[in-house]
1. May I ask you to list the aspartates and glutamates whose Cα is less than 14 Å away from that of K46, ignoring any residue fewer than eight positions away on the same chain?
2. What distance in nm separates the two pseudo spin-label positions at N271 and K120, each 7 Å out from Cα along the beta-carbon direction?
3. Of all beta bridges DSSP finds with both residues in the chain, what is the antiparallel percent, to the nearest 5?
4. Would you kindly state how much longer the chain becomes between D256 and K2 on full extension, computed as 0.36 nm times their sequence separation minus their alpha carbon distance, in nm to one decimal?
5. Considering only Cα-Cα distances, which of the following residue pairs are longer than 18 Å: K72/K191; K80/K178; K14/K199; K2/K115?
6. Answer with one residue from Q196, I51, A248: the one whose Cα lies farthest towards the positive end of the charge dipole of the chain, charges on Cβ with Lys, Arg +1 and Asp, Glu -1.
7. Kindly identify the chain as rounded, prolate or oblate by the Cα gyration tensor criterion: order the square roots of the eigenvalues as a ≥ b ≥ c, call it rounded if a/c is under 1.5, otherwise compare a/b with b/c, prolate if a/b is larger, else oblate.
8. At 7 Å along Cα-to-Cβ for each site, give me the label-to-label distance between F234 and D64 in nm.
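All of the numbers you see were taken from the coordinates with simple rules; none came from a lab. Everything quoted here is computed from the prediction, not taken from an experiment. Here the Cβ is made from the backbone with ideal geometry for all residues, glycine too, and neighbour counts use every protein chain on show.
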Amino acid sequence: MKISGFTFIRNAIKYDYPIVEAINSILPICDEVIVAVGQSEDNTRKLIEDIGSSKIKIIETIWDDTLREGGKVLAVETDKAFDAISDDSDWAIYIQGDEVLHEKYLPVIKEGMLKWKDNKQVEGLLLNYTHFYGSYDFIGDSRRWYRREVRIIRNDKSIRSYRDAQGFRKSDRPLNVKSVNAEMYHYGWVKPPEAQQAKQQSFNKLWHTDEWVEKKIPKVGSFDYSQIDSLSLFKGSHPEVMQNRVKALNWKFDFDPSKKQLPLKSRILHNIELHTGWRPGEYRNYKII
């Protein structure tokens, strides 16, 4: 069984993306990792080169910043990386620049790949998600955070990245998938407040017009992490590849998890999910078979 990894990145240093950690987290089970490096304002390419693995193959891309509606450019860049993986790979692991796999889940994922490798009805594998917010001690636990995403797909080039690269589709339908008992850790909302604010101002331009960004995104020097509806304390361990980044945390974020800033309807739905595991009205861009 041959496994490829693929990802895309641009301005990783400028916006403090843990892309090195992301790539290193999947390298142990990959035979190759394709990294689509967009034209950047910093030394992103060298950052990837300095990982020093012969498994990594870099392709240079230019982002079409006119594809603003719905973050379409992110899907286009994802497809560029996927299309560059080897034809003889069986599975492809997709990871974004702010996502990291814990090493304890690698055997579980590989086991799932082996189990369903020859079952062509299974087009992808579904992973659970943990979203960190503010610091490495807190995780989002409200309905605003997606719970699962398809991050492993069969090497079928008719599969395409969907909308803003959060999932995949084939012939404009959701993929048929199997769920794997593994967690993807999402660190997109854990950055120095200054870097987070800069990211918000830049990243929202992939979805909206300059006028919208001008009106909706505050012109401040640092991001205000306190405006969040609900968090809980993280009680697990971070991936080994994240340990240095976690230790280097240089800002303080305090939050009382017992205080929920949720409207009445959201509180009711939150409690239903908390006690039953069921999320009413959950959006699913996949079909579990």
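1. Cross-link targets: E60.
2. For the pair N271/K120, the computed spacing is 5.1 nm.
3. 45 percent
4. Extra length from D256 to K2 when fully extended: 86.9 nm.
5. Violating the 18 Å limit, Cα to Cα: K72/K191; K80/K178.
6. The residue sitting farthest along the positive end of the dipole is Q196.
7. rounded
8. 3.6 nm
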